[in-house]
């Protein structure tokens, strides 16, 4: 068996306080044939020092990179890809955590289902008081028309065949897909025939304070609408589907209090 079989990409920025828990959740995986590629993206706290401590302790498992300035997630992920050696690429954020069986479950699915290039899971939401909510993505074989509705997979909790990344040239560094780089990635993979599957199981936990749920900024909604329009075009959806690209603009117009209420309702257990 090739080693490492799975490369985990972890861009980190100003998450020194939470990074140890994130790294430990990878070290504690039941599946052991992995490498963790951490790229520190110009933090102004002691994130790099924390990452360096773990890299020195686990030199055969952790690769540590450092950007001299903040390049943002798209470019940082692509830098991680340039050194990744695995046949499967997994994601992980520096302030989140994952179930001990996450890598094992996702790898075994892709290993036994060659028709899929992407596998993802659902996620729980937690803060200093514990788990307070969850987010559920599409379950089963995700159809192209579902991608037009919304980003179909949990980015932090996904695993993707390396060949799919290579085929689309990695993450787009276009400014029009900032904060929706994963959504754009799925669209481009689907456009050339790759397909994905949602396990419908919670294997990933995202750190999110339930009392500080806020909206993305205006540009994020504009970017989301752009990717939706691109999805409709590249996936050859009916022209009436373009009405779905208006949804981000409508959400952008909601009062912040209404937006927060809707999301707490959506995520609550």
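The values are calculated or read from the model by the stated rules, or taken from the named source; none is laboratory data. Everything quoted here is computed from the prediction, not taken from an experiment. Because the Cβ atoms are built from the backbone with ideal geometry, glycine has one as well, and the counts that use them run over all protein chains shown.
Checking the conditions here, which among 5, 36, 19 is touching a helix residue (DSSP H, G or I) at 6+ places or on another chain (Cβ under 9 Å), surrounded by fewer than 21 Cβ atoms within 10 Å (Cβ to Cβ) and at negative phi?
Sole residue among the options that is touching a helix residue (DSSP H, G or I) at 6+ places or on another chain (Cβ under 9 Å), surrounded by fewer than 21 Cβ atoms within 10 Å (Cβ to Cβ) and at negative phi: 5.
Within the set of pairs 6 or more residues apart or between chains, which connect a residue that is at pLDDT below 75 inside the stretch 252-266 to a residue that is part of a helix (DSSP H, G or I) with Cβ atoms less than 8 Å apart?
Within 8 Å, the pairs are 259/251; 264/210.
Tell me which residues, restricted to the stretch 125-146, are outside any strand (DSSP E or B) and either out of contact with any strand residue (DSSP E or B) (no Cβ under 8 Å at 6 or more places or on another chain) or touching a residue at least 60 places away in the same chain (Cβ under 8 Å) (or both).
Of everything in the stretch 125-146, those that are outside any strand (DSSP E or B) and either out of contact with any strand residue (DSSP E or B) (no Cβ under 8 Å at 6 or more places or on another chain) or touching a residue at least 60 places away in the same chain (Cβ under 8 Å) (or both) turn out to be 128, 129, 136, 137, 138, 139, 143, 144, 145, 146.
Among 153, 138, which is the only one that is touching a helix residue (DSSP H, G or I) at 6+ places or on another chain (Cβ under 7 Å) and surrounded by 21 or more Cβ atoms within 10 Å (Cβ to Cβ)?
That would be 153, the only listed residue that is touching a helix residue (DSSP H, G or I) at 6+ places or on another chain (Cβ under 7 Å) and surrounded by 21 or more Cβ atoms within 10 Å (Cβ to Cβ).
For the stretch 186-203, which positions are farther than 23 Å from residue 108 by Cα and within 16 Å of the chain's Cα centre (by Cα)?
Scanning the stretch 186-203 gives 187, 188.
Just one of (1) under 19 Å from residue 36 (Cβ atoms); (2) over 12 Å from the mean Cα position of the chain (by Cα) trips up residue 128, so point out which.
(1)
Looking at this structure, is residue 62 surrounded by 18 or more Cβ atoms within 10 Å (Cβ to Cβ), farther than 30 Å from residue 200 by Cβ and under 20 Å from the mean Cα position of the chain (by Cα)?
Details: surrounded by 18 or more Cβ atoms within 10 Å (Cβ to Cβ): yes; farther than 30 Å from residue 200 by Cβ: yes; under 20 Å from the mean Cα position of the chain (by Cα): yes.
Spelling it out, residue 62 is indeed surrounded by 18 or more Cβ atoms within 10 Å (Cβ to Cβ), farther than 30 Å from residue 200 by Cβ and under 20 Å from the mean Cα position of the chain (by Cα).
What are the residues in the stretch 1-22 that are under 25 Å from residue 162 (Cα atoms) and touching a residue at least 60 places away in the same chain (Cβ under 8 Å), if any?
Once the filter is applied, which keeps residues that are under 25 Å from residue 162 (Cα atoms) and touching a residue at least 60 places away in the same chain (Cβ under 8 Å), the stretch 1-22 yields 2, 4, 5, 6, 7, 8, 9, 10, 11, 12, 13, 22.
What is the one condition in (1) surrounded by fewer than 18 Cβ atoms within 10 Å (Cβ to Cβ); (2) assigned to a helix (DSSP H, G or I) that residue 224 does not satisfy?
Only one criterion is unmet by residue 224, namely (1).
Here is a list: 172, 205. Which entry is in contact (Cβ under 8 Å) with a residue 40 or more places away in the chain, in a loop (DSSP other than H, G, I, E, B), touching a helix residue (DSSP H, G or I) at 6+ places or on another chain (Cβ under 9 Å) and over 13 Å from residue 147 (Cβ atoms)?
Values: 205 fails: in a loop (DSSP other than H, G, I, E, B).
Only one candidate passes the filter, namely 172.
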